[in-house]
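Read the structure below first, then the notes.
We did not get these values from a lab; they are worked out from the coordinates using the rules stated. Only a predicted model underlies this, so the values are computations on that prediction, with no experimental measurement involved. As a convention, Cβ positions derive from the backbone with ideal geometry for all residues, glycine included, and neighbour counts pool all protein chains shown.
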Amino acid sequence: MNWDKKAQQQFQVGDIVELIGYKTESPGTIFKDNEDGTFGINTQTNRPMKAMPSNQLKLINPSQQNITQQQLIQNNFFQLGQKVNLLLFPLQSPGTVIINNGDGTYLINDKFGKPLGKIPNNQLQQI
């Protein structure tokens, strides 16, 4: 299904959006443009929504909205090649994002270059 192209163009990867009709999931962060008028969203509850239509999204400007720092952290979006700390280890271990799995998890190369798969975004911290 092809949604309104004009509405689709107002969103881009990394945008924080309100999910209209999904109060417990809002806000979310766009992690993928499906190029058909739908977007992949990482929600505040870490529930990935793989094909949200653009007409169910509203762009949020964090500086103008009442969004807590915790919500922004939970909706963190990591870029390919970005350096991160892996929080699931006893001592925070550095790594590099190599793949966005599209489901709220990432494939990370650890400090030794070993790939670690399906690491949830809430277990990663920007360096």
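The ranking of Glu18, Glu35 by Cβ neighbour count inside 10 Å, starting from the fewest, reads Glu35, Glu18. Subtracting the Cα-Cα distance of Ile127 and Gln10 from their residue separation scaled by 0.36 nm leaves 39.2 nm. Along the range 116-127 the Karplus relation, 6.51 cos²θ - 1.76 cosθ + 1.60 evaluated at θ = phi - 60°, assigns HN-Hα couplings of 10, x, 6, 8, x, 4, 7, 9, 10, 9, 5, 9 Hz to successive residues, with x for each Gly and Pro.
Note on Ile20 and Asp110: the model spin-label points, each 7 Å out from Cα along the C-beta direction, lie 4.6 nm apart. The 3J(HN,Hα) values that the Karplus relation (6.51, -1.76, 1.60; θ = phi - 60°) gives for the range 93-100 are, in residue order, 10, x, x, 10, 5, 10, 8, 8 Hz. Gly and Pro appear as x.
The amide H of Leu87, built 1.01 Å from its N in the peptide plane, has Leu124, Gln125 as neighbours under 5 Å, considering only residues 5 or more places off or on other chains. For the listed residue pairs Lys32/Lys111; Lys32/Lys83; Lys23/Lys50; Lys23/Lys111; Lys32/Lys114, the alpha carbons are over 29 angstrom apart in Lys23/Lys111.
When a footprinting reagent is the concern and you count Cβ atoms within 10 Å, what order do Phe39, Phe77 take, fewest first?
Working: Phe39 28, Phe77 16.
Fewest-to-most ranking of Phe39, Phe77: Phe77, Phe39.
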